[in-house]
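Down below is the structure, laid out as structure tokens.
Since every read-out is calculated from the coordinates, none of them should be taken as a lab result. Just so it is clear, the model here is predicted, and its values are computed rather than measured. Every residue, glycine among them, receives a Cβ derived from its backbone with ideal geometry; neighbour counts consider all protein chains shown.
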Amino acid sequence: MNRRDFNLTLLTGVAASAAGSALAGSAPDDALRPDLTRYITQDVSVGGKIIRVRAFEGLPTVAKAVEPAYQALNLYIPEAYFQGGSVGGFNARTAPIFLPNGVGGYMPAKPGTLVNRMPGPPGQADTPSASAVALARGFVVASPGARGRTLQAVDGSWTGKAPAAIVDLKAAVRWLRHNADRLPGNVDRIISNGTSAGGALSALLGASGNHPDYEADLRVLGAASASDDIFAVSAFCPITNLAHADDAYEWQFEGQREFRNIAISMLDFRVQRKEVIGQLNEDQVALSAEMRRAFVAYVNTLGLKAPDGTPLTLEPNGRGHLRDHIAALLQSSAQQALSEGRNLSDVAWLRVQGDRVQSVDFSAYARAVGRMKAQPAFDGFSLETGENQLFGDARIDKRHFTAFSLRHSTVTGATLADAFTVKSMDAMQQLLDASSKVSSHWRIRHGSVDRDTSLAVPTLLAAAARQRGAAVDLALPWGRPHSGDYELDSLFNWAEAAVRDSA
Ligand code: DHB
């Protein structure tokens, strides 16, 4: 890539030309040039270190926004990069760009602002935000907004249905490339981050780089003409592979009738959850068996492998290599906790001898964590889930997205989202389609007690990214529920190692 060294002279020149083009003002790309004279100065403090940053907020990422408050970017850049200085070993030319999306529950998300600290778990201290840590380590932070499932225009049409959110994130990446020679930060080192639905979008961004399927939508919005592939993906508990996540859920929670239902339309990792105990009835138990068989058949078509080359297959009874591989991931998680001094003696599904975790009983694990969602977990028969609402269209609020749930639908006149839309929202299908440019580095975390989706979902995602040649770091951190942005030192150590690895 042809990049000029960043300096102040260049900045001044660009500010002038941006003003000039605003006067000329017709080409869509002109609207996508930031006014670099308009910023506020903020101080970020992390671990006693204070970083002064320039905050450029509410930058429009497309020329013809449908929802301007969401199709925008907040950009935070260490002041040092405007003065020829360096932070954490990076400078204006080399600094990676951290791209955290704030999406939860497939709801609309405005561009994230720079909060220094996030509230910790109940009773525990606040922690620095991921963006604050990124800046302290010398990353540029670009926080994009994205449309979501509940947005509606004044005429009543829906404006944030699938695939709006991923299109908006791609537009933000294109905006960064479009402005690469005017702004500090290295656009060859964009590292996306998100949690849950946001984790799914982060993975999807890394899985679908430059895929032509999004081109028409991006064009209509007046996105910059630039590539939208990204360097690396950080995904916490990605709620992805929605076309098969229902079957994966039944596979994991085989035979469990009791579930702790949540008000599903409200699901979002940031919202406090109210649980109500429910029971699957006889019909649902029979359907569950059918779905488990469907999952086995699906897994066996994928041809994916574990890092050691073992084929990730399943036997008709649901056991087999994929299950063993997930059990091994749980075992490493437990081993790490044990080595850090945790007492695991009351964990019934582990066999521990001395300082070694010997084995994991996966069925006992699934019983112990317990199923959380009703059946099906994602494509509700009465269109009751957030995902049903995600897959609406401009005129229809809620649709099914699997043929199975359409067949069993209890809603008169319910319809099915088309396969193209479902695929364009799915990191897994994008990884299996060779026409995208895939991120070279992936870090996936799914807490060991997170029941929002089956552990098979992140595991297959990791295997598919690996199959596309990516270096993938997958772990199931011990005792973590459905949550994200934890172990930030480890996250940014990984990001920096990835950058070094490809320098
Ligand atoms: C989220 C959680 C879910 O269980 C789900 O189905 C979709 C999104 C979330 O926390 O973002």
**Message:** Which order do the peptides 74-85, 232-243, 490-501 come out in when sorted by mean C-beta neighbours inside 10 angstrom, highest first?
**Reply:** 232-243, 74-85, 490-501
**Request:** Please report the relative contact order for the range 35-128, taking Cα pairs under 8 Å with a sequence separation of at least 6, and give it as a percent rounded to a whole number.
**Result:** 20
**Asked** Tell me, what HN-Hα J-couplings in whole Hz come from the Karplus equation 6.51 cos²θ - 1.76 cosθ + 1.60 at θ = phi - 60° for each residue of the range 435-440, using x for Gly and Pro?
**Response** 8, 9, 9, 9, 4, 7
**Prompt:** So what are the ³J(HN,Hα) numbers for the range 238-252, from phi and the Karplus equation (6.51, -1.76, 1.60; θ = phi - 60°), rounded to whole Hz, Gly and Pro as x?
**Reply:** x, 8, 10, 6, 5, 5, 10, 5, 5, 5, 4, 5, 5, 4, 5
**Message:** Could you derive backbone 3J(HN,Hα) for the range 102-114 from the dihedral phi with the Karplus parameters 6.51, -1.76 and 1.60 (θ = phi - 60°), listing whole Hz in sequence and x where the residue is Gly or Pro?
**Reply:** x, 6, x, x, 6, 8, x, 9, 6, x, x, 9, 8
**Request:** Distance check, please: which entries in LYS305/LYS437; LYS49/LYS110; LYS170/LYS274; LYS305/LYS373; LYS170/LYS305 exceed 25 angstrom between their Cα atoms?
**Result:** LYS49/LYS110; LYS170/LYS274; LYS305/LYS373; LYS170/LYS305
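Give me the net charge of PHE231's neighbourhood, meaning all other residues with Cβ under 13 Å from the Cβ of PHE231; Lys, Arg count +1, Asp, Glu -1.
It works out to a net charge of 0.
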**Message:** Among 397-406, 46-55, 341-350, 30-39, how do they line up by average Cβ neighbours within 10 Å per residue, starting with the highest?
**Reply:** 397-406, 30-39, 46-55, 341-350
**Message:** Using only alpha-carbon positions, what ratio does the radius of gyration of the range 350-503 give when scaled by 2.2 N^0.38 Å?
**Reply:** 1.27
**Item:** Estimated FRET transfer efficiency (ARG407, ALA348; beta-carbon r; R0 35 Å; 0.05)
**Value:** 0.35
**Message:** Please compute the contact order of the range 89-199 in relative form: average sequence separation of alpha-carbon pairs under 8 Å and at least six residues apart, divided by the residue count, as a percent.
**Reply:** 40
**Protection-proxy order for peptides 436-446, 163-173, each taking the mean of Cβ atoms within 10 Å per residue, highest first** = 163-173, 436-446
**Request:** On a C-alpha basis, how far is the centre of the range 297-313 from the centre of the range 378-449 in Å? Whole number, if you could?
**Result:** 22
**Asked** Rg(Cα) of the range 295-409 divided by 2.2 N^0.38 Å?
**Response** 1.42
**Item:** All-pairs Cα distance distribution in the chain, expressed in whole percent, bin size 10 Å
**Value:** 4, 19, 30, 26, 15, 5, 1, 0
**Message:** At 222 nm, what value in deg cm²/dmol follows for the chain if DSSP H runs of at least 4 each add -39500 (n - 2.57) and the sum is divided by all its residues, to the nearest 500?
**Reply:** -9500 deg cm²/dmol
**Asked** In 10 Å bins starting at 0, how do the alpha-carbon pair distances of the range 444-488 split up by percent?
**Response** 28, 51, 21, 0
**Item:** For VAL352, distant residues with modelled amide H under 5 Å away
**Value:** GLN358
**Request:** Return the long-range amide H neighbours of LEU280 (sequence gap of 5 or more, or a different chain), with a cut-off of under 5 Å between placed amide H atoms.
**Result:** GLU258, PHE259
**Asked** If contacts are Cα pairs under 8 angstrom and at least 6 residues apart, what is the relative contact order of the chain in percent?
**Response** 15
**Positive-end residue, the range 94-188 charge dipole about Cα centroid, Cβ charges, pick of GLY156, VAL167, ALA180** = GLY156
**Message:** Placing unit charges on C-beta atoms (Lys and Arg positive, Asp and Glu negative, everything else neutral), compute the dipole magnitude of the chain about its Cα centre in debye, rounded to 20.
**Reply:** 620
